[in-house]
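Single-structure report; data block below.
The values are calculated or read from the model by the stated rules, or taken from the named source; none is laboratory data. The model shown is predicted, which means the values in this text are computed figures rather than measured ones. Here the Cβ is made from the backbone with ideal geometry for all residues, glycine too, and neighbour counts use every protein chain on show.
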Amino acid sequence: MDTLYDRANDPRAVIEADRAHVWHHLIQHKPFAPGPNQIDPRIMVEGRGLRVWDITGKEYVDAVSGGVWTVNVGYGRERIANALRDAVLKLNFWAGANGTIPGALFAETLIAKMPGMSRVYFSNSGSEANEKAFKMVRQIAHKVHGGKKWKILYRDRDYHGTTIACLSAGGQQERNALYGPFVPGFVQVPHCLEYRAGELAGEGYGERAADAIEEVILREGPDTVGALCLEPITAGGGIIVPPKGYWERVQDICRKYDILLHIDEVVCGIGRTGTWFGYQQFGIQPDIVTMAKGVASGYAAISCTVTTERVFEMFKDDTDRLGYFRDISTFGGCTGGPAAALENLAIVEEEDLLGNSARMGAKLHEKLSALMERQPLIGEVRGMGLFQGAELVADRQTREPLAEAKVQAVVADCAKQGVIIGASNRSMPGFNNTLLFAPALIATEDDLDQIVAAVEAALKRVA
Ligand code: PLP
């Protein structure tokens, strides 16, 4: 019998099957519609390291780890495939009310990298991990705070996922448009991008940006606010590294008003910024941490909601019929996820990918900054580790954002040259004009040179 990949020997058949039946994420399908101007959907076929090939045989350098910053250890990792195979053949699934060997051993290994944290709750996607966190906060409001402290604060420009509750906590307008009404009790606080902070920018901006959160808490009433949910470095909202003084002040504010600090590490987790987690760059101690993409580098679907023992303790009232977390995720019981994740962590450790992310990230930052000297379309370069952004502007003086069509033309030009980069999410001007770079943590300086050279050529053409 033909294997799946033997059938792909007829690439046209695959392309036409895709054109006819696959509803792709996040894109307009009109260009694929049959007709004289039709273009083919791009079908990705194979990956090795940080290179990928599409069904036409074209090779790309992948500067965005699978498009959405996921494949942190790179493609083609045989030892993860073997770990998955072993786990699936031994016992592929058991529902999460019981334990499994991969689940227990992965949780122990993960917690060892997160001082102060204690418990791991398994599910499948970043959105789901955040939903679990929101439900925990709501249950704590009912059980511990007598129905108070039920509101969850989120930040302008941050993104926490695609479900209706996650969109309710979403600070990116275009993601939210057409999906309301949203869940009550989610309240927005301002972003902390100094480049676009107008008069607030300058010495002490970090503290001022944090104080703006306190103002919202006081306006809403501290006894109504249960949690603050933030990305450590805003990802799709334009690679926003919070300014000096911000995180310390945010943590103080949370402690002052007894508000749980929930850090969404779905993107930054597992080495993206050069430490295991983004929050560890800032010396803060969260109460809840969610993670997904890099946890198993996309070899299996797994996400985690990690809490302190203090949070976990709030769910242990056995005198109450409802005194436990009454939540389940069916596929949180798949053993492939934690088995792949355990191997993924071992690779990061053995190959010093945290160190490589920090070192190569600094080089990428330097190279993009040097490009900015030669190329006036770049207004600012920002990032940490192998997570960098270059905000594009039509005018450096006024900081007028480059039009979205031109930003997308840069991305498309790079792809034509065989380099896949990303751009911040489509939304208001000023949001949608940052080029994003997040290659696998194995990137070498040669890879970075190839990426930056393609961007330079693309910017020249678009300018
Ligand atoms: N949180 C952040 C910061 C994200 O960037 C994303 C997705 O890009 C999510 C959550 C949602 O993750 P998922 O798409 O796995 O549901």
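Of all residues in the range 257-286, those that are assigned by TED's automatic domain parsing to the domain that holds residue 154 have Cβ atoms under 6 Å from Cβ atoms of residues that are more than 16 Å from the ligand (Cβ to nearest atom) and of a type in the set (D, E, K, R), 6 or more apart or on another chain, in 260/287; 261/287; 276/113. For the range 161-180, the candidate set comprises residues that are under 15 Å from residue 432 (Cβ atoms) and surrounded by fewer than 22 Cβ atoms within 10 Å (Cβ to Cβ); within that set, the residue that is farthest from the ligand (Cβ to nearest atom) is 177. Right, residue 85: outside any helix (DSSP H, G or I) and surrounded by fewer than 18 Cβ atoms within 10 Å (Cβ to Cβ) or not? Spelling it out, it is not the case that residue 85 is outside any helix (DSSP H, G or I) and surrounded by fewer than 18 Cβ atoms within 10 Å (Cβ to Cβ).
Here the range 409-430 is the region considered, the condition is being at pLDDT 95 or above and in contact with a Lys or Arg (Cβ under 9 Å, 6 or more places away or on another chain), and the residue that is surrounded by the most Cβ atoms within 10 Å (Cβ to Cβ) is 410. Against the conditions (1) modelled with pLDDT of 95 or more; (2) more than 16 Å from the ligand (Cβ to nearest atom), residue 198 satisfies every one except (1). State whether one or more residues within the range 259-280 are acidic (Asp, Glu), more than 16 Å from the ligand (Cβ to nearest atom) and closer than 18 Å to residue 308 by Cα. Checked against the condition, which is being acidic (Asp, Glu), more than 16 Å from the ligand (Cβ to nearest atom) and closer than 18 Å to residue 308 by Cα, the range 259-280 yields no hits at all.
Can you run down the residue pairs with Cβ atoms below 9 Å, 6 or more apart or on separate chains, where the first is in the range 110-127 and assigned by TED's automatic domain parsing to the domain that holds residue 308 and the partner is among the aromatic types (Phe, Trp, Tyr) and surrounded by fewer than 21 Cβ atoms within 10 Å (Cβ to Cβ)? That search, which allows pairs on different chains as well, returns 118/312; 119/312; 121/325; 122/331; 123/331; 124/331.
Restricting attention to the range 296-317, and to residues there that are within 16 Å of the ligand (Cβ to nearest atom) and in contact with a strand residue (DSSP E or B) (Cβ under 6 Å, 6 or more places away or on another chain), which single residue is farthest from residue 126 (Cα to Cα)? The extreme case among them is 306.
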